[in-house]
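The values are calculated or read from the model by the stated rules, or taken from the named source; none is laboratory data. Values in this document were obtained by computation on a predicted structure and should not be read as measured data. Every residue, glycine among them, receives a Cβ derived from its backbone with ideal geometry; neighbour counts consider all protein chains shown.
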Amino acid sequence: MDSVSIQVVDTPEKFHPAAEEAAQALTSLLRELAAMENKSFAQYTRLCKKGQVVEFKGGVRREFTDVQDWKEERKLRFAALLDPHCTQKLITQRRDCLHADHFPSSFNCVNTGCTLSVTMKSAGKAVAQLVPDEDSVPFDLSDPDVRYLVEDAKRGGHGAQCYGYFQKYRFVLKREAEEWHIDEVSCDSLHGDRWRRDYYF
């Protein structure tokens, strides 16, 4: 069973296929982002505890021993993942590309259970709300990095682990060059009603 329940709401019938396409594109990106955030947080934990983190990317070995160097590299990698899927407006208004500052990823719910409701009133714009299931399991224990962090948290871990998991997001999507791009991101607590713009996505 798919962990993401896609619902098209308040949308004229003629826009349903496009709304579903927008939802699928967003889900795919958020899955990549969640995996990258969880992996990055695991690397950060290892770096803080062991003083180094080693990775192999494209057959090339890289070693990080300085936390600040690692953080700057992370920002570049998250921007490289997200920028092709964002409008120039979002990129220009972004204050920084900050991700993986807690565990699990706020977007981990795309793997463990959530509802993605999409509304589309015109051909070039859609609004999507991502709401995690209240009873969903926030950890995907098939991932070795997630297992490492869960075990570390059991031994004390640190404050950013097992952060308040239940948060909802709203994405404004615009269609540009035949693809959907994120134009605006807002977030709120699961039962809140005050959306806050996220300038760090």
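Criterion first (closer than 22 Å to Phe41 by Cα and either at pLDDT below 75 or not in a loop (DSSP other than H, G, I, E, B) (or both)) does Asp152 satisfy it?
The answer is yes for Asp152.
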| Within the stretch 77-112, which residues are part of a loop (DSSP other than H, G, I, E, B) and either farther than 24 Å from Asp2 by Cα or among the acidic types (Asp, Glu) (or both)? | Thr87, Arg94, Arg95, Asp96, Cys97, Leu98, His99, Ala100, Asp101, His102
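Find the residue count for the stretch 5-26, including only residues that are surrounded by fewer than 12 Cβ atoms within 10 Å (Cβ to Cβ) and either under 16 Å from the mean Cα position of the chain (by Cα) or in a helix (DSSP H, G or I) (or both).
Going residue by residue through the stretch 5-26, those that are surrounded by fewer than 12 Cβ atoms within 10 Å (Cβ to Cβ) are 9-10, 12-14, 17.
Still in the running and either under 16 Å from the mean Cα position of the chain (by Cα) or in a helix (DSSP H, G or I) (or both): 13-14, 17.
Total meeting the criteria: 3.
Which one is nearest to Val110 (Cα to Cα), of the residues in the stretch 168-196 that are without any contact (Cβ under 8 Å) to a residue 40 or more places away in the chain and within 15 Å of the chain's Cα centre (by Cα)?
In the first step, residues of the stretch 168-196 are kept if they are without any contact (Cβ under 8 Å) to a residue 40 or more places away in the chain; the result is 168, 177-178, 186, 188-189, 191-196.
From what is left, the residues that are within 15 Å of the chain's Cα centre (by Cα) are 168, 186, 188.
Details: Lys168: 12, Ser186: 17, Asp188: 17 Å.
Checking each candidate, the answer is Lys168.
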| remark: Here the residues within the stretch 27-63 that are outside any helix (DSSP H, G or I), hydrophobic (A, V, I, L, M, F, W, C) and either touching a residue at least 12 places away in the same chain (Cβ under 8 Å) or surrounded by 20 or more Cβ atoms within 10 Å (Cβ to Cβ) (or both) are Val53
